[in-house]
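Note sheet for the following structure.
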Amino acid sequence: MTNNITLAQKTHKELAIIAGGFLYLAICSKISFFLPFSPIPVTLQTFGVLTLAGLMGRRSVYVLASFILAGLAGLPVFNALPLSAGYLVGFVLSAAFIGELVDRKLLDTKLKLTIAFTLGTAIILTMGSLWLANFTDHAFKIGFYPFIYAGAFKIALATMVVSKLGKKIKF
């Protein structure tokens, strides 16, 4: 018996991994609540993006791309469109940034992982707030600052999850 994996088998495995990541992110997007002073909900999507990028590397960008395409095709995966469009762009940029660091094996400690997740979250919140500026003069007041505490919680949780699972799961 050989360990040769055919191209078709590898492709099926990759598609299954991307589909699993898509479902995970879709579930994270449904766990949400609105703040009384912001049109943007607090969701677990950022946590989902961080953990996917931390575990999958750059491949997480494919998950985000499929997620966005599914939403644009009409699947109910988005929250608060068109106001949240900037956050979606931020998800992709954050996943690409973190994924690149993961693939280069630069996130080998919890501290480095936490720093990368903090920067990734800042990317998401900044892109979201910049987009919100098209609709309000108070974009950072309603789209960035209120999400810092929730972001810190998601960063800590994602660091814990990825540092534990990253050693056990190999995609």
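The values are calculated or read from the model by the stated rules, or taken from the named source; none is laboratory data. Please read these numbers as outputs of a predicted model, since none were measured by experiment. FYI the Cβ positions are ideal-geometry reconstructions off the backbone, even for glycines, and counts take in every protein chain you see.
Structure notes:
- Thr51 in contact (Cβ under 8 Å) with a residue 40 or more places away in the chain and of a type in the set (S, T, N, Q): yes
- For the stretch 120-144, the set of residues classified as over 16 Å from Val89 (Cβ atoms) and either outside any helix (DSSP H, G or I) or touching a Leu at 6+ places or on another chain (Cβ under 9 Å) (or both) consists of Thr136, Asp137, His138, Phe140, Ile142, listed by residue number.
- Listed by first and then second residue, the pairs linking a residue in the stretch 25-44 that is over 21 Å from Leu130 (Cβ atoms) and at pLDDT 90 or above to a residue that is among the aliphatic types (A, V, I, L, M) and exposed (fewer than 14 other Cβ atoms within 10 Å of the Cβ), with Cβ atoms under 6 Å apart and 6 or more places separating them unless they lie on different chains, are Leu44/Ile31.
- Residues located in the stretch 128-171, provided they are surrounded by 20 or more Cβ atoms within 10 Å (Cβ to Cβ) and under 19 Å from Leu25 (Cα atoms): Gly128, Phe147, Gly151, Lys154, Ile155, Ala158, Thr159, Val162
- A Cβ distance below 9 Å, combined with a sequence gap of six or more or placement on separate chains, defines the contacts here; from the stretch 1-16, residues that are more than 18 Å from Tyr62 (Cα to Cα) reach residues that are charged (D, E, K, R) and at pLDDT 85 or above in the pairs Ile5/Lys13.
- Residue match in the stretch 5-21 (condition: touching a Gly at 6+ places or on another chain (Cβ under 7 Å) and at pLDDT 95 or above): no
- With respect to the conditions (1) at pLDDT 95 or above; (2) over 10 Å from the mean Cα position of the chain (by Cα), Gly54 lacks only one, and its number is (2).
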